[in-house]
Amino acid sequence: MSPTAARVTAFAPGSVGNLGPGLDILGLAVAGAGDEVTAVRTSGDAIVVEDAGHPDLPADPARNTAALAAREVLRRAGVGGVGLALTVRKGLPLAGGQGGSAASAVAGAVAVNQLLGGPLDLDGLLAACLEAEATVAGRHADNVAPSLLGGIVLVRATDPPDVVRLAVPPELRVALVHPDQRLGTKESRAVLPQEVSLATALHQAAQVAAMVAALATGDYALLGRALDDRIAEPARSPLLPGFAAAKRAALAAGALGASISGSGPTAFALARGEAAARAAGTAMQAAYAEAGLSATVRIADVDRTGARVIA
């Protein structure tokens with residue numbers, strides 16, 4: 001795509017943030033569903049969101065993550081006097097815990113960067129997306145980083161961003177189960193404890209380290225044992241009817257482990273192989289049904305590519 005391109009469309013996959021014990025620091029890109037953003041060069045210097053992708057999402061460019069990311073790309077690239085019209089196509093649920101706002105930010109940033117001829121590298125794009133996400137959901141990169149880079153990532157720091165891409169075992173599959181409910185990020189973050197005991201902090205650090213080791217060595221059993229969150233999951237479970245039963249069902253069906261995707265309400269299970277993932281997803285769906293909630297199930301691979309230009 002040349003620097004004089006007038007129209008670019010980019011895609012960014014959804015993600016599982018807060019991967020188990022990795023609150024704000026571990027994230028996984030999920031293959032399949034994602035958000036698309038089309039950026040069109042216009043006269044003037046205004047950024048206009050022509051379609052936010054859903055009636056409940058703001059078209060105000062000061063509150064829309066795709067527009068915020070686009071503006072940050074222009075700023076970091078040192079480009080002025082450029083007008084943009086953005087169209088967002090949502091493939092991810094709203095307030096679903098699947099990284100929807102992050103995916104829109106990433107797709108918007110990638111589309112505008114390509115429209116300009118690619119002045120920002122991946123580090124610059126990540127920083128732009130992090131700023132956009134911070135405006136609407138808090139300063140954490142566990143969704144934007146995997147959506148941009150693909151795979152499984154460890155966020156070592158956010159100021160400045162320092163992200164480590166981790167190995168992805170070949171047979172790892174993800175079951176995403178989305179019950180018929182919404183839970184906003186602000187509400188979900190509000191219940192997180194501001195302080196934890198030394199024992200809890202040490203346990204959490206050990207599990208994150210064990211997950212990194214398990215991914216590096218392909219040790220599926222260790223990965224399952226390490227998927228043990230004692231900070232966010234206990235705080236958020238009371239907001240999510242049916243989750244505790246769904247997690248028990250996933251483990252009984254052979255999942256390696258299960259927890260809350262992002263800030264919820266989507267639950268996820270990690271499994272070794274397609275059959276085990278489908279069994280876990282079906283069991284979780286049945287558990288939600290017993291709690292009076294319908295739920296959709298998606299079985300997916302880890303998206304190893306991340307964001308990309310598609311037109």
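The values are calculated or read from the model by the stated rules, or taken from the named source; none is laboratory data. All figures in this text were calculated on a predicted structure; none of them were measured in a lab. Cβ coordinates were reconstructed from backbone atoms using ideal geometry, including for glycine residues, and neighbour counts include every protein chain displayed. SASA here: full protein model, heavy atoms, side chains in, ligands and nucleic acids out. Shrake-Rupley method; radii C 1.70, N 1.55, O 1.52, S 1.80 Å.
General remarks:
- Here the 3J(HN,Hα) profile of segment 263-275, calculated from phi with Karplus coefficients 6.51, -1.76 and 1.60 at θ = phi - 60°, is 9, x, x, 4, 9, 10, 10, 9, 9, 9, x, 5, 4 Hz, Gly and Pro shown as x.
- Within the full protein context, the accessible area of Ser43 is estimated at about 110 Å² for a probe radius of 1.4 Å.
- Integer Hz, Karplus 6.51/-1.76/1.60 couplings in order for segment 35-41, x for Gly and Pro: 10, 10, 10, 9, 10, 10, 6
- A cut-off of 5 Å between modelled amide H atoms, ignoring neighbours fewer than 5 places along the same chain, links Val48 with Leu84, Ala85, Leu86.
- Phi to ³J(HN,Hα) by Karplus 6.51 cos²θ - 1.76 cosθ + 1.60 over segment 154-159, Hz, x for Gly, Pro: 10, 8, 6, 7, 10, 10
- Packing around the peptides 144-155, 70-81, taken as the average count of other Cβ atoms within 10 Å per residue, puts them in this order, highest first: 144-155, 70-81.
- Note that segment 69-176 carries a Kirkwood radius of 14.6 Å, evaluated over its alpha carbons pair by pair.
- Near the amide H of Thr296, within less than 5 Å, lie the amide hydrogens of His178, all on another chain or at least 5 residues away, with H placed in the peptide plane.
- The peptide list 240-247, 255-262, put in order of mean Cβ contacts within 10 Å with the highest first, becomes 255-262, 240-247.
- The candidates Ser15, Ser294, arranged from most to least accessible area with a 1.4 Å probe in the full protein assembly, appear as Ser294, Ser15.
- Scaled radius of gyration (Cα, divided by 2.2 N^0.38 Å) that the chain gives: 0.97
- Paramagnetic reach from Arg304 (point 7 Å along Cα→Cβ, amide N under 20 Å) across segment 136-152: 145-152
- Taking all Cα pairs closer than 8 Å and separated by 6 or more residues, the relative contact order of the chain comes to 25 percent.
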